[in-house]
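Participant: I'd like to ask you about the structure that follows.
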Amino acid sequence: MRDTTAPLLDVAGLKTVFHTRSGDVHAVNSISFALEAGELVGVVGESGSGKSVTMMSLMDLLPRSAEIVGGEVLFEGRDVRGMTRAELLQLRGRDVGFVFQDPMTSLNPVFTVGRQITERLRKHMGMTKAEAKVRAAELLGLVGISDPERRLSDYPHQFSGGMRQRVMIAIALACDPKLLIADEPTTALDVTIQAQIIELVRDLRRKLDMGIIWITHDLGVVAGIADRVIVMYAGQIVEQGPVRDLFARPQHPYTRALLETLPKVTGERSERLHTIEGQPPSLGDEPTSCPFAPRCAHAFARCMTENPFRVDVGGGHDVACWWDPETGEMRDV
Amino acid sequence: MFAFTIRRLLFAIPTLLAISFIIFAILDLAPSDPTGNLPLTIPPEVRAQIRSSLGLDEPFPIRYALWLNQFFINEPLNMIEGWTGWTIGDGERLRVTSWATRSPVVDLIVERMPQTLWVVGMSQIIAILIAVPIGVISAYKQYSWFDQIGTFVSMLGFSIPTFFTGLVFIVLFSVHLKWFPSIYDTNHVIDSWSSFVFQIKQMIMPTMVLALATAAQLSRYMRASMLDNLQQDYVRTARAKGLSERVVVTIHVLRNSMIPVVTVIALNVPTIFGGAIITEQIFRVNGIGQLLIIGIQGADIPLVQTLTFIFAVLIVMFNLIADVLYGILDPRIRYE
């Protein structure tokens with residue numbers, strides 16, 4: 001049944017819409033990407049670009065107002081959207097781990113940390129209470145929490161923010177997932193704790209060999225840990241490629257602008273920080289033109305009438321843009 | 001937690017003393033006359049003798065001190081003697097006595113208590129059993145037809161007073177359908193299956209009237225609290241762990257949502273005695289509420305004082321119980 005040649009995760013044409021009182025919002029528009037086993041993909045983009053919604057759509061963890069309206073999600077070749085409820089729960093429980101942005105609110109305040117880990121182990125690994133407890137302590141140790149046996153009986157409010165995020169990671173890793181989806185896991189933490197968490201994930205990845213999707217708006221983090229980068233803008237992928245190649249020759253004007261917004265400490269310091277002029281479009285309708293065109297210095301007339309498809313630029317790197325940064329001309333596609 | 005409870009119990013003593021003084025003083029200021037219901041043919045000097053035999057010619061502070069002594073020392077000692085069979089001292093002490101019936105007030109209350117506890121206690125349990133599932137489903141399926149109907153019915157239950165629903169119930173179920181008796185028979189003895197069925201039948205209407213009023217209110221609290229919690233991040237975490245919706249809602253969300261609702265339930269218990277006054281009148285349940293009404297009408301001040309004070313004790317007690325429950329349910333709150 002399991003297709004061994006298929007990538008770990010294969011997403012094609014995924015579309016998610018939010019139904020709100022003031023009309024529909026097209027948050028995710030025809031997203032396609034693949035993730036190989038053991039690969040770490042960084043997903044970057046500004047707030048509202050649809051990064052989180054895309055990843056929540058994969059396992060159908062969307063809020064009630066959101067609906068997946070199209071596309072296909074294959075996990076090891078199995079169609080996730082066509083799964084029965086039980087199969088989906090099994091997939092979420094055993095094969096995929098999630099770490100969310102805010103460790104202060106992501107744990108249930110009224111249950112002990114131990115219970116929140118063992119609950120998953122007992123349901124999906126068929127462990128007894130005692131076995132699950134041993135494994136839970138092992139997991140807390142793995143994520144670097146000292147005195148894990150004793151801390152199992154502590155409540156989330158007795159942990160600091162960074163420690164809670166470690167607990168979240170322990171929960172995510174409980175059943176040896178093949179895929180870890182980390183939704184801005186370090187955004188709510190201060191910088192030193194951030195570095196510790198990144199170091200921890202990098203280390204665990206080596207040990208456990210799982211595919212990781214790391215959502216962030218911090219390009220520095222991506223440069224440090226990712227194999228591949230996906231850049232999202234207005235609910236679509238505008239550029240993706242291997243991390244070195246993408247940083248060395250960014251193709252999309254948005255990616256280039258994002259890289260320029262990073263403050264530099266070497267060389268001449270400019271007076272002001274770089275910003276990208278303008279606002280992202282509102283997504284009341286599915287875009288029929290390039291969503292970045294109104295903010296783009298290189299926009300052609302064609303960009304206003306047609307939404308660019310993704311063009312392969314070699315080396316596993318592709319971009320959804322007509323403009324060729326090397327010639328300054330329109331691509332011949 | 002234990003130290004907290006003890007401290008709160010100690011704090012309750014001055015509070016209750018202050019309440020007892022206020023109750024005593026206000027009732028003493030009332031212009032009612034315990035001899036007012038006696039025939040007009042009784043000569044004034046006999047009336048004065050009756051009044052002095054009730055202790056009414058003593059000054060206010062002395063009467064208050066005597067009442068305190070009777071209520072806080074004599075009555076508890078008497079109760080201990082009753083339970084254990086011991087005799088403390090000479091066993092002879094003044095008790096708080098009803099002016100109307102000349103029997104000790106505490107005995108009257110003990111006599112009336114079972115009826116009230118049956119009806120009121122049952123109605124509370126039924127109210128919780130109705131309200132919690134309705135609140136949970138309403139919130140989980142917000143704006144569904146179930147939620148809409150639930151909202152409408154609880155608005156009705158909220159806004160229609162029990163004396164109206166009580167009468168509607170009597171007209172409908174007793175007069176027209178003849179399913180249940182309209183008058184509660186306090187002397188009914190349960191000694192067989194059929195008499196047990198009769199007891200259930202006579203309890204249904206007063207219990208349901210009270211239960212519906214309470215359930216209407218509770219289900220709203222439950223719904224609001226569930227809605228708050230369903231949006232929390234930890235719910236998404238629970239789902240991401242591959243837990244079924246049933247486990248997510250009935251274990252993770254419900255436990256959190258119960259925290260404020262349990263407080264409301266606990267604080268509701270003493271006020272339901274107030275609501276029961278009217279319901280007991282309608283269905284002729286010889287409970288505490290009815291005793292209070294009789295006491296007020298007959299200017300039976302010791303009876304009214306004692307009952308009012310017992311209500312005050314209940315309120316203080318259940319406030320404490322609510323706080324303790326809060327600490328048990330929510331680990332973030334620990335009283336030191």
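Participant: On the basis of being within 30 Å of A:VAL110 (Cβ to Cβ), in contact (Cβ under 8 Å) with a residue 24 or more places away in the chain and either within 14 Å of chain A (Cβ to nearest Cβ) or among the acidic types (Asp, Glu) (or both), does B:LEU243 make the cut?
Facilitator: No, not satisfied.
Participant: If a residue must be free of Cβ contacts under 8 Å to residues at least 12 places away in the same chain and either surrounded by 14 or more Cβ atoms within 10 Å (Cβ to Cβ) or among the β-branched types (Val, Ile, Thr) (or both), how many such residues does region B:1-31 contain?
Facilitator: 4
Participant: Under the condition of being under 22 Å from B:ASN229 (Cα atoms) and in contact with a Ser or Thr (Cβ under 6 Å, 6 or more places away or on another chain), which residue from region B:135-170 is surrounded by the fewest Cβ atoms within 10 Å (Cβ to Cβ)?
Facilitator: B:ASP147
Participant: Could you please give the count of residues in region B:141-160 that are of a type in the set (Val, Ile, Thr) and on the phi > 0 side of the Ramachandran plot?
Facilitator: So the count comes out to 0.
Participant: Which numbered condition in (1) modelled with pLDDT of 90 or more; (2) of a type outside the set (S, T, N, Q); (3) buried (at least 21 other Cβ atoms within 10 Å of the Cβ); (4) over 20 Å from A:GLU329 (Cβ atoms) is the only one that A:TYR254 fails?
Facilitator: (4)
Participant: Out of curiosity, is A:THR112 among the hydroxyl-bearing types (Ser, Thr, Tyr), in contact (Cβ under 8 Å) with a residue 24 or more places away in the chain and in contact with a helix residue (DSSP H, G or I) (Cβ under 9 Å, 6 or more places away or on another chain)?
Facilitator: Yes: the conditions hold for A:THR112.
Participant: For region A:41-72, how many residues meet the condition of being surrounded by fewer than 22 Cβ atoms within 10 Å (Cβ to Cβ), more than 14 Å from chain B (Cβ to nearest Cβ) and within 15 Å of the chain's Cα centre (by Cα)?
Facilitator: Qualifying residue count, region A:41-72: 3.
Participant: Right, next: Can you work out which of the residues in region A:86-105 that are among the charged types (D, E, K, R) and at the interface with chain B (Cβ under 8 Å from one of its Cβ atoms) is nearest to A:THR187 (Cα to Cα)?
Facilitator: A:ASP102
Participant: Being among the hydroxyl-bearing types (Ser, Thr, Tyr) and modelled with pLDDT of 90 or more is the filter here; which residues of region A:1-19 pass it?
Facilitator: A:THR16
Participant: Right, something else. Quickly run through region A:48-93 and pick out the residues that are farther than 19 Å from B:LEU243 by Cα, part of a helix (DSSP H, G or I) and not β-branched (Val, Ile, Thr).
Facilitator: Passing the criteria: A:LYS51, A:SER52.
Participant: Still on this structure, I have one more. Just for region A:143-165: of the residues that are part of a helix (DSSP H, G or I) and in contact with a Leu (Cβ under 7 Å, 6 or more places away or on another chain), which one is surrounded by the most Cβ atoms within 10 Å (Cβ to Cβ)?
Facilitator: That would be A:GLN165.
Residue by residue, here is whether (1) aromatic (Phe, Trp, Tyr); (2) within 18 Å of B:GLY287 (Cβ to Cβ) holds:
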site: B:GLN142; (1), (2): no, no
site: B:TRP145; (1), (2): yes, no
site: B:GLN148; (1), (2): no, no
site: B:LYS178; (1), (2): no, no
site: B:PHE196; (1), (2): yes, no
site: B:ILE200; (1), (2): no, yes
site: B:SER225; (1), (2): no, no
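Participant: Being small (Gly, Ala, Ser) and either within 11 Å of chain B (Cβ to nearest Cβ) or buried (at least 17 other Cβ atoms within 10 Å of the Cβ) (or both) is the filter here, so list the residues in region A:106-142 that pass it.
Facilitator: A:SER106, A:GLY114, A:ALA132, A:ALA136, A:ALA137
Participant: Something else now. What about B:MET226, is it within 14 Å of chain A (Cβ to nearest Cβ), crowded, with 22+ Cβ neighbours inside 10 Å and within 30 Å of A:VAL110 (Cβ to Cβ)?
Facilitator: yes
Participant: Considering each of B:ALA276, B:ALA299, B:ALA266, B:ALA312 in turn, give the residue that is more than 30 Å from B:ILE170 (Cα to Cα) and in a helix (DSSP H, G or I).
Facilitator: Answer to the check: B:ALA312.
Participant: For B:VAL197, state whether it is touching a helix residue (DSSP H, G or I) at 6+ places or on another chain (Cβ under 7 Å), among the aliphatic types (A, V, I, L, M) and away from every other protein chain (no Cβ under 14 Å).
Facilitator: Answer is no for this residue.
Participant: Out of curiosity, is A:ALA170 out of contact with any strand residue (DSSP E or B) (no Cβ under 8 Å at 6 or more places or on another chain), small (Gly, Ala, Ser), more than 13 Å from chain B (Cβ to nearest Cβ) and more than 28 Å from A:ASN29 (Cβ to Cβ)?
Facilitator: no
Participant: Going through B:LEU10, B:LEU17, B:LEU77 one at a time, which residue ends up being within 31 Å of the chain's Cα centre (by Cα) and farther than 23 Å from B:ILE321 by Cβ?
Facilitator: B:LEU77
The values are calculated or read from the model by the stated rules, or taken from the named source; none is laboratory data. Not measured: the values here are computed from a predicted model. Cβ coordinates were reconstructed from backbone atoms using ideal geometry, including for glycine residues, and neighbour counts include every protein chain displayed.
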